[in-house]
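Data block below; observations after.
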Amino acid sequence: MSEVSEVVHPLRRDVKVLAMKLLSALKDFYTFKELEDILGVPYQMLWRYTSFLTTPEEGTAKRLMQVIREKKLIESTFERSFARTRDLGDIWSVVKNIGFLDLVSFEALELLDGEGADGVLAFPEESGILGAVIAHWIRGDVCVTTRTVSPGEALVEYYRDGTMGLNFIAVSRGCIPKKGKVVLATILLNNKELLEAAVTAVRKSGAQPVALVAVFAVGESWGKIAEDLGLHRYRIFKYLTVNR
């Protein structure tokens with residue numbers, strides 16, 4: 001029987017580029033001197049890596065990735081970012097940082113565990129920037145839902161909002177890759193029916209939702225909700241409790 005080779009995402013296979021992209025994201029949170037102390041690489045060289053002036057050798061890149069994991073540098077960065085998040089009004093101060101979105105996107109790549117994805121559906125439209133950055137990392141296309149539609153040109157899915165009124169998301173027909181694998185991306189999970197609408201839109205487009213990435217979620221039952229919707233790969237970075 002012939003051996004089946006493991007499918008590895010191109011970016012995960014190119015560890016040199018992956019290390020450079022990660023360092024570029026981390027420098028938004030640490031000084032080069034701090035990174036030098038943590039990683040054991042001279043700050044001058046780190047600057048050249050993050051400026052894409054010099055490419056690390058493969059062995060160096062692998063060591064950098066190993067130290068980043070062993071030191072839990074990404075996890076510490078998330079803790080730093082979320083330390084200022086107390087309620088819903090604080091979330092935008094976190095997600096406006098492109099370096100933060102790059103780290104979320106790296107984790108999305110890890111979540112896929114080598115499986116490729118053809119695109120990202122970002123919902124609602126405020127999550128478009130997150131979807132675009134994730135799509136760039138996984139080397140797929142991005143599709144962003146909208147609340148503005150033209151008859152016949154969009155796929156529309158309805159859901160009830162927090163006031164129990166009827167709302168909708170729409171996506172241009174043909175935007176979601178037919179028969180493709182799609183990652184669902186949102187900045188905030190706070191409405192089960194909205195998530196269901198996004199999943200339905202992907203499936204009605206003939207695509208397969210393969211993962212869910214959310215930066216924030218209100219409440220802690222989203223894991224079961226995701227599983228019930230067939231989203232067995234999901235990552236929620238921060239759970240929020242909203243006082244009513």
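Among the residues of the range 177-204, the ones that are at pLDDT below 95 and among the hydrophobic types (A, V, I, L, M, F, W, C) come to 0 in all. Looking across the range 103-116, the residues that are assigned to a helix (DSSP H, G or I), in contact (Cβ under 8 Å) with a residue 60 or more places away in the chain and either in contact with a helix residue (DSSP H, G or I) (Cβ under 8 Å, 6 or more places away or on another chain) or among the hydroxyl-bearing types (Ser, Thr, Tyr) (or both) come down to Leu103, Val104, Phe106, Glu107, Ala108, Leu109, Leu112. One residue stands out among those in the range 1-14 that are at pLDDT below 85, surrounded by fewer than 16 Cβ atoms within 10 Å (Cβ to Cβ) and in a loop (DSSP other than H, G, I, E, B): the one that is farthest from the chain's Cα centre (by Cα), which is Met1. Within the range 71-84, one or more residues are touching a residue at least 60 places away in the same chain (Cβ under 8 Å), within 21 Å of the chain's Cα centre (by Cα) and in a helix (DSSP H, G or I). Note on the range 205-233: among residues that are more than 16 Å from the chain's Cα centre (by Cα) and assigned to a strand (DSSP E or B), the one that is modelled with the lowest pLDDT is Val218. Touching a residue at least 60 places away in the same chain (Cβ under 8 Å) and among the acidic types (Asp, Glu), is that true of Asp37? No.
Filtered by the rule that a residue be out of contact with any helix residue (DSSP H, G or I) (no Cβ under 6 Å at 6 or more places or on another chain), buried (at least 16 other Cβ atoms within 10 Å of the Cβ) and over 15 Å from Val210 (Cα atoms), the range 173-189 gives Cys175, Leu188.
Residue-level check: of (1) more than 15 Å from Phe237 (Cβ to Cβ); (2) over 12 Å from the mean Cα position of the chain (by Cα); (3) touching a residue at least 40 places away in the same chain (Cβ under 8 Å), Val120 misses just (2).
The number of residues in the range 15-70 that are farther than 16 Å from Phe106 by Cα, exposed (fewer than 15 other Cβ atoms within 10 Å of the Cβ) and of a type in the set (Lys, Arg) comes to 1. Taking the criterion of being out of contact with any Lys or Arg (no Cβ under 9 Å at 6 or more places or on another chain) and in a helix (DSSP H, G or I), the residues of the range 121-144 that qualify are Glu126, Ser127, Gly128, Leu130, Gly131, Ala132, Val133, Ile134, Ala135, His136, Ile138. The test for being of a type in the set (D, E, K, R), more than 24 Å from Phe216 (Cβ to Cβ) and free of Cβ contacts under 8 Å to residues at least 24 places away in the same chain holds for Arg48. Taking the range 145-203 as the range and being under 18 Å from the mean Cα position of the chain (by Cα), under 23 Å from Gly89 (Cα atoms) and part of a loop (DSSP other than H, G, I, E, B) as the test, the residues that pass are Thr145, Asn190. Any residue that is among the aromatic types (Phe, Trp, Tyr), surrounded by fewer than 20 Cβ atoms within 10 Å (Cβ to Cβ) and assigned to a strand (DSSP E or B) - is there at least one of those in the range 86-102? No, the range 86-102 contains no residue that is among the aromatic types (Phe, Trp, Tyr), surrounded by fewer than 20 Cβ atoms within 10 Å (Cβ to Cβ) and assigned to a strand (DSSP E or B).
The values are calculated or read from the model by the stated rules, or taken from the named source; none is laboratory data. Everything numeric in this text was worked out from a predicted model, so none of it was measured. Please note: Cβ atoms are built from the backbone with ideal geometry, for glycine as well, and neighbour counts cover all protein chains shown.
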